[in-house]
1. Among the residues of segment 36-72, write down those that are among the acidic types (Asp, Glu) and either part of a helix (DSSP H, G or I) or touching a Ser or Thr at 6+ places or on another chain (Cβ under 6 Å) (or both).
2. Give the residue, chosen from Arg97, Arg34, that is of a type in the set (D, E, K, R), under 18 Å from the mean Cα position of the chain (by Cα) and within 17 Å of Phe123 (Cβ to Cβ).
3. Examine segment 84-107 for a residue that is at pLDDT below 95 and farther than 30 Å from Gly178 by Cα, and state whether such a residue exists.
4. Which of the residues spanning segment 101-131 are near the ligand (Cβ under 10 Å from one of its atoms), part of a loop (DSSP other than H, G, I, E, B) and in contact (Cβ under 8 Å) with a residue 60 or more places away in the chain?
5. Starting from residues that are of a type in the set (Asp, Glu) and loosely packed, with under 14 Cβ neighbours inside 10 Å, keep the ones in segment 75-105 and report whichever is nearest to Asp32 (Cα to Cα).
6. I want to confirm something. Restricting to segment 132-142 and keeping residues that are within 6 Å of the ligand (Cβ to nearest atom) and surrounded by 15 or more Cβ atoms within 10 Å (Cβ to Cβ), which single residue is nearest to the chain's Cα centre (by Cα)?
7. Filter segment 1-35 for residues that are more than 27 Å from Pro162 (Cβ to Cβ), out of contact with any Leu (no Cβ under 6 Å at 6 or more places or on another chain) and not in a loop (DSSP other than H, G, I, E, B) and give the result.
Amino acid sequence: MRIDVVTLFPEMFQGFLEGSLLGAAQAAGLVDIRLTNIRDFAQGPHRQVDDKPYGGGPGMLLMPGPVVECVESVLADAPPSLAASKPHVLMLTPAGRPLTQELVEELARHDRLVLLCGRYEGFDQRVTDTLKPEAISIGDYVLSGGEVAAMVVIEAVTRLIPGVLGDAASADDDSFSGVDRLVEGPQYTRPREFRGLRVPEVLLSGDHRRIADWRREQALSATQRRDRSPVGSDSDLP
Ligand code: SAM
């Protein structure tokens, strides 16, 4: 998979992309992640990328020219292996479709993603009108820029690429995955007892059927508790 990030702050991605799973996935050729700076497509001595909104209002907007030209240049750079694939352009914005594991699975089916990170008060509408990106939000809150949101998308998508996770089955067992998209129940490792808290007997039984049944029951109750949990309260959570 190839992922291009279009941003004003490529340096924000440095440590993130070198990190363990992503660094290894890139070294193994499973994903190719490129960063392109919108400012490189700005005109004039000050390389201006933003301006005041027409009609007034606070803050600055990203001008359409540098953003659209930057994305067009990224799209034109298609490696021969991806020449036949249609890149999927995503715009990170609070107004977008909420990111869920289901959407992450959809995104992971593409060969090529282009992630468009906003800054300031966001994009001039003509960026959307011209590029027709899929708008994606990582939650109902406002960040200062799309970079952290793009990192969330990259991390969630790349772990679904075959070969990225050490144990291929582990993504299938994760929360929100599988047919019924349950959250994971409690898990335990050594020691068997910690400050008087013992590992449930069933997990030590060696009876795989009982263990699987127990885990499913726990996942069902954790999912029900989470769905019932009032906003702002974690008192019901495990
Ligand atoms: N004025 C915009 C609004 O009210 O929706 C907020 C702009 S925000 C300060 C700047 C940039 O951060 C956005 O263009 C977007 O790329 C990114 N961003 C902020 N919150 C986000 C979220 N919840 N999901 C995805 N991207 C987000």
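1. Answer for segment 36-72, where residues must be among the acidic types (Asp, Glu) and either part of a helix (DSSP H, G or I) or touching a Ser or Thr at 6+ places or on another chain (Cβ under 6 Å) (or both): Asp40, Glu69, Glu72.
2. On the way: Arg34 fails: within 17 Å of Phe123 (Cβ to Cβ).
On inspection, the qualifying residue turns out to be Arg97.
3. First, pick out the residues of segment 84-107 that are at pLDDT below 95: 84-86.
When the remaining residues are screened for being farther than 30 Å from Gly178 by Cα, the result is 84.
Within segment 84-107 (the criterion being at pLDDT below 95 and farther than 30 Å from Gly178 by Cα), the answer is yes, since at least one residue qualifies.
4. Scanning segment 101-131 gives Cys117, Arg119, Tyr120, Glu121, Gly122.
5. Initial filter on segment 75-105 (of a type in the set (Asp, Glu)): 77, 102, 105.
From the residues that got through so far, the ones that are loosely packed, with under 14 Cβ neighbours inside 10 Å too are 77, 102.
Values: Asp77: 13, Glu102: 23 Å.
Across segment 75-105, the extreme among qualifying residues is Asp77.
6. The first filter runs over segment 132-142 and keeps only residues within 6 Å of the ligand (Cβ to nearest atom), leaving 137-139, 141-142.
Pick out the ones that are also surrounded by 15 or more Cβ atoms within 10 Å (Cβ to Cβ) and you get 137-138.
Values: Ser137: 10, Ile138: 8 Å.
Result: Ile138.
7. Residues of segment 1-35 more than 27 Å from Pro162 (Cβ to Cβ): 7-12.
So of that shortlist, the ones also out of contact with any Leu (no Cβ under 6 Å at 6 or more places or on another chain) come out as 7-9, 11-12.
Thr7, Glu11, Met12 - these are the residues of segment 1-35 that are more than 27 Å from Pro162 (Cβ to Cβ), out of contact with any Leu (no Cβ under 6 Å at 6 or more places or on another chain) and not in a loop (DSSP other than H, G, I, E, B).
Each row is one residue, and each column tells you yes or no for (1) within 16 Å of the ligand (Cβ to nearest atom); (2) over 30 Å from Val67 (Cβ atoms); (3) touching a strand residue (DSSP E or B) at 6+ places or on another chain (Cβ under 7 Å); (4) of a type in the set (Gly, Ala, Ser).
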{"residue": "Arg159", "(1), (2), (3), (4)": "no, no, no, no"}
{"residue": "Asp174", "(1), (2), (3), (4)": "no, yes, no, no"}
{"residue": "Thr189", "(1), (2), (3), (4)": "no, yes, no, no"}
{"residue": "Ser205", "(1), (2), (3), (4)": "no, yes, no, yes"}
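The values are calculated or read from the model by the stated rules, or taken from the named source; none is laboratory data. This structure is a prediction, so every number in the text was calculated from the model and none was measured. Don't worry about glycine lacking a Cβ; one is built from the backbone with ideal geometry, like all the others, and counts go over all protein chains shown.
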